[in-house]
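The values are calculated or read from the model by the stated rules, or taken from the named source; none is laboratory data. What you see is a predicted model; the values in this text were computed from it and never measured. A quick note on method: Cβ atoms are made from the backbone with ideal geometry, for glycine too, and the neighbour counts reach across all protein chains shown. All accessible areas refer to the heavy atoms of the entire protein, side chains included, with ligands and DNA or RNA removed. Shrake-Rupley method; radii C 1.70, N 1.55, O 1.52, S 1.80 Å.
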Amino acid sequence: MVMMTDRTGATRSSTSGSVRVAWGVLGGLLLIWDVFEVVKHTGWVIPAAALGAVLPDLSRLVGLGQEHQPGQLPRRAVPLYNLLHQPLIPFAIMVVFSFLGDAPEDIAAPFTFGMSWLTNIALARSMGFGQRTADGWVR
């Protein structure tokens, strides 16, 4: 896969434009749904949504202090980063919690957590950021 470089030296994958648009549409729809769920349920849904939105990117903290080039993720952070950027994990959380509990209030926080996590992944992929190689570069 060919990498593209922007003005800051960061690299992005060469994923086709149509795939990136599809991820963007999914991310936009999920974001609207996230906001709807947060406004509808409030309470524990708000911190759950916030945590889900930032969780995938917290993996970058594992690489603090390690040498790396602009656009490269430190090697130590790559395995956790790739794991937390797998769309099936937050999707599975959403599905599992959809079948648990008797009332929507019981499942709203964990469901919204998974949805916010998936929103982060979708929007990142729409901008050309996805899985990383073992060296920390975008695939």
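Which ones in segment 105-139 are more than 25 Å from Ala77 (Cα to Cα) and open to solvent by 10 Å² or more (accessible area, probe 1.4 Å)? Reasoning before the result, please.
The initial filter retains those residues of segment 105-139 that are more than 25 Å from Ala77 (Cα to Cα), namely 105-112.
Residues satisfying the conditions are Glu105, Asp106, Ile107, Ala109, Pro110, Phe111.
Given Pro56, Pro70, Pro74, which one is touching a Leu at 6+ places or on another chain (Cβ under 6 Å) and not β-branched (Val, Ile, Thr)?
Result: Pro56 is the single residue among Pro56, Pro70, Pro74 that is touching a Leu at 6+ places or on another chain (Cβ under 6 Å) and not β-branched (Val, Ile, Thr).
What do you reckon, is Ala77 out of contact with any strand residue (DSSP E or B) (no Cβ under 6 Å at 6 or more places or on another chain), over 23 Å from Val35 (Cβ atoms) and either modelled with pLDDT under 95 or surrounded by fewer than 20 Cβ atoms within 10 Å (Cβ to Cβ) (or both)? Before the answer, list the steps.
Working: out of contact with any strand residue (DSSP E or B) (no Cβ under 6 Å at 6 or more places or on another chain): yes; over 23 Å from Val35 (Cβ atoms): yes; either modelled with pLDDT under 95 or surrounded by fewer than 20 Cβ atoms within 10 Å (Cβ to Cβ) (or both): yes.
Yes; evaluated as a whole, the condition is true for this residue.
Can you name every residue in segment 105-139 that is without any contact (Cβ under 8 Å) to a residue 60 or more places away in the chain and under 24 Å from Gln69 (Cβ atoms)?
Selection gives Gln131, Arg132, Thr133, Ala134.
Regarding segment 108-118, can at least one residue be identified that is of a type in the set (Ser, Thr, Tyr) and under 26 Å from Arg20 (Cβ atoms)?
Yes, because at least one residue in segment 108-118 is of a type in the set (Ser, Thr, Tyr) and under 26 Å from Arg20 (Cβ atoms).
Looking only at segment 105-117, count how many residues are over 21 Å from Val54 (Cβ atoms) and either aromatic (Phe, Trp, Tyr) or within 17 Å of the chain's Cα centre (by Cα) (or both).
Residues that pass the stated criteria total 0.
Looking only at segment 90-104, how many residues end up being under 19 Å from the mean Cα position of the chain (by Cα) and either surrounded by fewer than 17 Cβ atoms within 10 Å (Cβ to Cβ) or at positive phi (or both)? Reasoning before the result, please.
Keep residues of segment 90-104 that are under 19 Å from the mean Cα position of the chain (by Cα), which gives 90-97.
Keeping just the survivors that are either surrounded by fewer than 17 Cβ atoms within 10 Å (Cβ to Cβ) or at positive phi (or both) gives 91-92, 95-96.
The total comes to 4.
Would you check if there is a residue in segment 103-113 being touching a Gly at 6+ places or on another chain (Cβ under 6 Å) and at pLDDT 95 or above?
Among the residues of segment 103-113, at least one is touching a Gly at 6+ places or on another chain (Cβ under 6 Å) and at pLDDT 95 or above, which makes the answer yes.
Which residue is most open to solvent (accessible area, probe 1.4 Å), if the candidates are limited to segment 41-74 and must be charged (D, E, K, R) and free of Cβ contacts under 8 Å to residues at least 60 places away in the same chain?
The selected residue is Glu67.
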